[in-house]
Each structure stands twice: as structure tokens, then as C-alpha cells.
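The values are calculated or read from the model by the stated rules, or taken from the named source; none is laboratory data. What you are looking at is a predicted structure, and each value in this text was computed from that prediction instead of being measured. A quick note on method: Cβ atoms are made from the backbone with ideal geometry, for glycine too, and the neighbour counts reach across all protein chains shown.
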Amino acid sequence: MQRRDFVKSTGAFALGGTTILGCREKSAEASGFQAGDNPKRSIVISTWNNIEANNAAWKVLSKGGNATDSVEAGVQIPEGDPNDQSVGYGGRPDREGKVTLDASIMNHAGECGAVAFLEGIKHPIKVARLVMEKTPHVLMVGEGALQFAVEKGFRVEELLTPESENEWKKWLVEAQYKPEINIENHDTIGMVALDSNGNLGGACTTSGLAWKMRGRVGDSPIIGAGLFVDGDVGAATATGVGEAVIKIAGSHLVVEFMRQGNSPEDACKLAVERIMKKVPNHADLQVGFIALNLNGEYGGYAIQRGFIYAVQTDSESIIKDSKYFLG
Ligand code: SD4
């Protein structure tokens, strides 16, 4: 089935005079829009084919819930799904056969929390949320993050499924590491949302690149790389080879490009261009960004063909093909 076939309509709704599909040139700042203006049309977007995750987020948004709660709820869908081998339970392991998870969350006020190199916890996003809310810190890693999670009542579970273990064992035969464009483990979920109060929130969660070195951490838990939210401007998140995203502080860069007046799509495009200028091996890599501004305008852009993202509003739930430079 073509990914486009997942496109689904949730019914006919009046759009209140606001057309949000397609990117308008007007920036959030230029529009004079302020967070808190009412009423606003909620929207959630997420990387890849994460329609179900968007639906879960939408349940929160459609009841007037806040964007940060919505993304936390949404990304738990792939985290708990053993068939999603890039996120949470069932994620592909590192080269030593261990599933290690990275996650981050950020709200409109700039509060954020993240965990990295976390093992045995099915929903790292919930731990990231608690780092944000219950500690003076932003990022906790490894054993310390696990200890914190256990203290907060999380259950330690085996996250390696037979399917991922089998794939790992096959990989071990040659044990050669080379990220594969769009195929290997590119289903990380980054999700950003705008709620009816005009507030933004974002979350990103992943098991990282398959067969990574033990201890490797990608962009997803790095605030400013895999995720960034500025409540006065917009929100952005990334997927793909995290090393390239970290090198340009990707999601923060996308938000800064929106602050300068670029549409979300153009902001993503400019950030991808930056990678292509600065990261020598970019032709062998995939990176995709998605972004959302305070008007509910959104967009995405990728290095390579094949990046898709999911969009949910009160009127539709769709998959969009991202624009790209190569392929
Ligand atoms: C990482 N950015 O760990 C993640 C991987 C990813 O879709 O996005 N996969 O580098």
C-alpha cells in the first residue's frame, strides 16, 4: 500500500475562515499573532506515518487540553508498539544487543526535559516529562536516568523483542555499520502541536540508530537538535541521522529561521541546506525536519526523497510527502 493511502478524512468541518493547509509566506511575528489569543485552531504534526499517534494527541487537543500533554500522549503510541522498531519497546538494539532509548519534551514556556541512553523503560517520554517537572535539570542519562525512573515508580522491562533480536543477530554476521537512507531505523517520532489556547508543545522519542555503538546518543534528546519549541515563534523536530542534526543544532535553527519570517517549510528547507553545506557525507544520509508556527502553518523538508509526515486538524488526518533535495 502506498503511504498516501493512509490519508483519511475525519469529516467536514467549518474552518472558521482559517486555511492552514499549505504554507503561507506570512511569519508568526509578521502576523501579529500572540500566544493566548482565542480561539485557535489546534493542530498536531509528527514525523513519518504516525497517524495513530496524532489521533492520540488529538484526543487531548480536541478536549481543550494543552499541547504538551497532547504530544506526550501521542508519542506513547509508537513507544508502546513492538512493531515500531525505531521507538521504545521493540526498538532495534545497539551493536551489543541492548535497546537504549532517547526522548525529550518541551513546552511553550521553554521548560524542557530529556533522557538519553535509558534502558528498560517502555515510555521514556514520561520520564523526560518528569525530568522537566520534578528536577532542576534538563537531561538525565543512563543509570542515573534509570534510577530516577524507578524512584518515580516506573517498571523495568525487557524491551528487546524477538524480531529485533533476530535482525540484530543477522546484522552481527557481517557487523558492518552504515546508515541506510530511509530504511534503517528512520521512524523516530518527533511531534509538535498547537493547542486551542495558542500554546505550542513538542516531544521526540527514539531507540536511535540501529546497531549504534554502545553509549551513542542521537539528536532526539538534545534540546535544540532533535526538538525545539519557542512559544513566541514555533516548534520544530527532526528525524534521520542524528549526528548531522546535532552538528547544526537543527531544530533550534529551524525555529530561528521562522523567527526571521520564513514559513515553516522554508525554515525546514534552509536548515536542510545548512546540513548540505556543512556535513560532508550528507548525500549518504537522510534528515527530515517538520515545523509548526503560531498560526498553525506547518511544513517539512528532507535531504532525500521518501520523508513523510502526518498532520491532524479538526477537519482531516493526512500524510504529507515532504519536499527534498536529492533523489
Ligand atoms: C537518531 N534521529 O538517534 C535519530 C534516529 C531517527 O528515524 O530519527 N530515526 O539519530
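Some values worked out for this structure:
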item: Tally, over region 241-255, of residues that are in contact with a strand residue (DSSP E or B) (Cβ under 7 Å, 6 or more places away or on another chain) and either in a helix (DSSP H, G or I) or more than 20 Å from GLY218 (Cα to Cα) (or both); result: 7
item: Among residues of region 173-212, those that are surrounded by fewer than 19 Cβ atoms within 10 Å (Cβ to Cβ) and either within 19 Å of ALA67 (Cβ to Cβ) or modelled with pLDDT of 95 or more (or both), counted; result: 2
item: Subset of region 195-228 [out of contact with any Phe, Trp or Tyr (no Cβ under 9 Å at 6 or more places or on another chain) and closer than 21 Å to ASN55 by Cα]; result: ASP195, SER196, ASN197, ASN199, LEU200, GLY201, ALA203, CYS204, THR205, THR206, LEU227
item: Those strands (runs of 3 or more DSSP E) lying entirely in region 271-316 with at least 1 residues touching a Pro at 6+ places or on another chain (Cβ under 8 Å); result: 287-293, 298-304
item: Residue within region 124-147 that is within 13 Å of the ligand (Cβ to nearest atom) and either within 28 Å of ALA244 (Cβ to Cβ) or not in a loop (DSSP other than H, G, I, E, B) (or both) present; result: yes
item: Exclusive hit being within 16 Å of the ligand (Cβ to nearest atom), among the β-branched types (Val, Ile, Thr), surrounded by fewer than 19 Cβ atoms within 10 Å (Cβ to Cβ) and closer than 22 Å to GLN304 by Cα, set ILE275, ILE246; result: ILE246
item: The one condition in (1) within 9 Å of the ligand (Cβ to nearest atom); (2) crowded, with 24+ Cβ neighbours inside 10 Å; (3) within 27 Å of GLU52 (Cβ to Cβ) that THR237 fails to fulfil; result: (1)
item: Checking MET258 against (1) over 19 Å from ASN50 (Cβ atoms); (2) outside any helix (DSSP H, G or I), the condition it does not meet; result: (2)
item: Restricting region 75-88 to residues that are in a loop (DSSP other than H, G, I, E, B) and in contact with a helix residue (DSSP H, G or I) (Cβ under 6 Å, 6 or more places away or on another chain), the residue that is surrounded by the most Cβ atoms within 10 Å (Cβ to Cβ); result: VAL87
item: Candidate set from region 97-108 (those that are in contact with a helix residue (DSSP H, G or I) (Cβ under 9 Å, 6 or more places away or on another chain) and not polar (S, T, N, Q)); member that is nearest to the ligand (Cβ to nearest atom); result: ASP102
item: Residue match in region 301-321 (condition: of a type in the set (Asp, Glu), within 18 Å of the chain's Cα centre (by Cα) and surrounded by fewer than 18 Cβ atoms within 10 Å (Cβ to Cβ)); result: yes
item: Of all residues in region 100-132 being of a type outside the set (Val, Ile, Thr) and closer than 11 Å to SER220 by Cβ, the one that is surrounded by the fewest Cβ atoms within 10 Å (Cβ to Cβ); result: ALA116
item: Residue list for region 203-236, restricted to those being assigned to a strand (DSSP E or B), more than 21 Å from GLU119 (Cβ to Cβ) and either out of contact with any helix residue (DSSP H, G or I) (no Cβ under 6 Å at 6 or more places or on another chain) or aromatic (Phe, Trp, Tyr) (or both); result: ILE223, PHE228, VAL229, ALA235
